[in-house]
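Read-outs: derived from the displayed coordinates by stated rules, not from any lab. All values derive from a computational prediction rather than experimental measurement. Please note: Cβ atoms are built from the backbone with ideal geometry, for glycine as well, and neighbour counts cover all protein chains shown.
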Amino acid sequence: MARIKIECPKCSWEPDGGAYWACSACGHVWNTFDTMARCPQCQHQHERTACIPWRGGCTAYEPHLDWYKNLSGIIQEELESIVQPIEAIIA
């Protein structure tokens with residue numbers, strides 16, 4: 001089964017699950033990857049995510065979805081799990 005890997009698109013730093021990101025709308029601090037970059041306090045949806053240099057990353061500020069690796073493999077597996085049962089019904 002394909003697995004999502006999360007890493008900085010520029011330097012490949014992998015977040016360790018810590019709460020390092022602060023919402024630009026309300027200041028709440030949380031792990032942005034727990035919520036796909038939506039602040040759990042004010043619901044502001046962040047489009048970009050900063051790499052954290054003081055935790056070993058760089059200074060990149062990239063689109064949040066670019067941090068997720070292997071999404072195409074997961075989507076392909078999901079499509080196959082849907083198409084195969086449909087094909088069995090049609091046959």
TODO: Quick one: compute the contact order of the chain, relative version, from alpha carbon pairs under 8 angstrom and 6+ residues apart, as a percent.
DONE: 31 percent
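If r is the Cβ-Cβ distance from Ser81 to Trp54 and R0 is 35 Å, what FRET efficiency results, to the nearest 0.05? Could the numbers behind the result be given before it?
On the way: r = 41 Å, r/R0 = 1.17.
Efficiency computed from Cβ-Cβ geometry: 0.30.
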Task: Value of [θ]222 nm, deg cm²/dmol, for the chain, DSSP H segments ≥ 4, -39500 (n - 2.57) each, nearest 500 - done: -7500 deg cm²/dmol
Task: Given (1) -1.16; (2) -1.52; (3) -1.30, the label whose value is log10 I(q)/I(0) by the Debye sum over Cα atoms at q = 0.26 Å⁻¹ derived from this model - done: (3)
